[in-house]
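Each remark here refers to the structure printed beneath this line.
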Amino acid sequence: MTKLHHTFALAAALGLGVAASADARDLRVAPGAPPAHPASSHLYGGLVEYLPEESDGGMNAILLGPEVVSLGQMKDALQTGLVDVGNLLPLYFPAELPNFALAGELSLSGTDPHAMGAALTEYTVNCASCQEEMSKFGIVYLGSGSSDPYVLLTTKPVASADDVKGLRLRSGGAPFSRWAEHFGAVPVSIGVGETFEAMSQGTIDGSMASIGDLLSFRLVELVKQVTAVPLGTYFSTSNFATAKNTWAELSAEERGALLRAANRANANFTNRWGYEFPAVAAQAAKDAGIAMVDADPAFAEAAREFAIADRETAAAISAERFGMTDAADRVAEFIGLVEKWEAISAEVNHDPSAMAERVYDEVWSKVDLSTYGM
């Protein structure tokens, strides 16, 4: 979409929003994902619902679709003021957001979606260097979420490690690429939105992804088999990256309302992306005749062992690439938070409302909104 088309689309969206709520502060918000994806329906749909509630009608969210701002355009949209709040994927910008890059390098360690989102939220809010890098980037952080454990979505049968050898697999980041290479596959780094075309043309044999991609990106039309093997989760997200200039204009009360709405939506999004949507996608796969297979025990165990060993690789990469001399300590700290939140998630039986309450109590209630993000 051209810049002129963006302007017209944004003007149309703003016109609708102003007509609906002339007395409230309207924030332009963008999920960057298609309507079927939980990032649109539950993450930003949740913000649209919760923000007026948390602000007593004083604030609204105007939803801008991916035709206005895509995930790849989110950085520019936030930095230029096109949107006030956007779904930013920090792994797109590792050099500028190295702390998020470190978290992303640990993706293979993810098993419990709620725990991963909460762990990254607590880590990032209390990490001085994380806050500094986001300030330079021009955003304020309001929490993270997580996908379900990734699986193999392939056009060829896979059960053992030998079956993976030589397959061309779409990779969403460096740790997944390392996993593929370790098991003899060929990682292909393309955007998730390009997966359907690449698979339909035979450029790739499959994807390491959420099973929800079967529906979000129409892969149900192409995939022949879903193989469950420990592949981690995608949790290196900044779900509600808020433009620093927008944040500065908000009062402490308005910041609190936005934060509370975001916290609730983060938990509901993770519940949808990490738990509910995978069940819907699995049923769709069965209805489409797609084979649902568990990796053989030896392959699954080898994948788990690689995930643990890869933590050392993640630390080494961050130390070399970004000069993080304490990278190993940061990895240990983060894994400790994952274990803490895995226990909490199990304690509340993965209930999204309970998780939102615990994250607020453990993290956000301790934040000084007069200074946070400034």
Does residue 177 count as closer than 15 Å to residue 213 by Cβ and of a type in the set (Gly, Ala, Ser)? no
Going through the range 306-361 one residue at a time, which ones are of a type in the set (Asp, Glu) and either in a helix (DSSP H, G or I) or surrounded by 15 or more Cβ atoms within 10 Å (Cβ to Cβ) (or both)? 310, 312, 320, 329, 333, 339, 342, 347, 351, 357, 361
For the range 283-305, how many residues are in a helix (DSSP H, G or I) and either touching a strand residue (DSSP E or B) at 6+ places or on another chain (Cβ under 7 Å) or on the phi > 0 side of the Ramachandran plot (or both)? 2
Checking the structure you have, find out if any residue of the range 48-63 is in contact with a Leu (Cβ under 9 Å, 6 or more places away or on another chain), modelled with pLDDT of 90 or more and over 19 Å from residue 246 (Cβ atoms). no
What's the number of the only condition in (1) surrounded by 12 or more Cβ atoms within 10 Å (Cβ to Cβ); (2) at pLDDT 95 or above that residue 368 fails to meet? (1)
Of all residues in the range 40-90 being touching a residue at least 24 places away in the same chain (Cβ under 8 Å) and among the hydroxyl-bearing types (Ser, Thr, Tyr), which is most open to solvent (accessible area, probe 1.4 Å)? 41
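Listed here are the residues, each with its yes/no results for (1) over 28 Å from residue 185 (Cα atoms); (2) out of contact with any strand residue (DSSP E or B) (no Cβ under 6 Å at 6 or more places or on another chain).
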{"site": "66", "(1), (2)": "yes, yes"}
{"site": "79", "(1), (2)": "yes, yes"}
{"site": "82", "(1), (2)": "yes, yes"}
{"site": "88", "(1), (2)": "yes, no"}
{"site": "111", "(1), (2)": "no, yes"}
{"site": "119", "(1), (2)": "yes, yes"}
{"site": "138", "(1), (2)": "yes, yes"}
{"site": "163", "(1), (2)": "no, yes"}
{"site": "169", "(1), (2)": "no, no"}
Would you confirm, using the coordinates I've provided, whether residue 171 is surrounded by fewer than 24 Cβ atoms within 10 Å (Cβ to Cβ), within 25 Å of residue 73 (Cβ to Cβ) and in contact with a Pro (Cβ under 6 Å, 6 or more places away or on another chain)? yes
Selection count where residues are on the phi < 0 side of the Ramachandran plot and assigned to a loop (DSSP other than H, G, I, E, B), scope the range 195-231: 14
Criterion (surrounded by fewer than 15 Cβ atoms within 10 Å (Cβ to Cβ) and either farther than 28 Å from residue 178 by Cα or in contact with a helix residue (DSSP H, G or I) (Cβ under 7 Å, 6 or more places away or on another chain) (or both)) met by exactly one of 287, 294: 287
Which one is nearest to residue 168 (Cα to Cα), of the residues in the range 182-194 that are more than 15 Å from the chain's Cα centre (by Cα) and part of a loop (DSSP other than H, G, I, E, B)? 185
Scan the range 231-245 for residues that are within 10 Å of the chain's Cα centre (by Cα) and open to solvent by 10 Å² or more (accessible area, probe 1.4 Å) and report the count. 1
Residue within the range 360-372 that is touching a residue at least 24 places away in the same chain (Cβ under 8 Å), farther than 24 Å from residue 44 by Cβ, touching a helix residue (DSSP H, G or I) at 6+ places or on another chain (Cβ under 6 Å) and of a type in the set (Ser, Thr, Tyr) present: yes
Scanning the range 141-162 residue by residue, the ones that are under 16 Å from the mean Cα position of the chain (by Cα) and either over 11 Å from residue 227 (Cα atoms) or in a helix (DSSP H, G or I) (or both) total 9
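The values are calculated or read from the model by the stated rules, or taken from the named source; none is laboratory data. In this text the structure is predicted, and so the values were computed from the model without any measurement. With ideal geometry, Cβ positions are generated from the backbone for all residues, glycine too; neighbour counts draw on all protein chains shown. All accessible areas refer to the heavy atoms of the entire protein, side chains included, with ligands and DNA or RNA removed. Shrake-Rupley method; radii C 1.70, N 1.55, O 1.52, S 1.80 Å.
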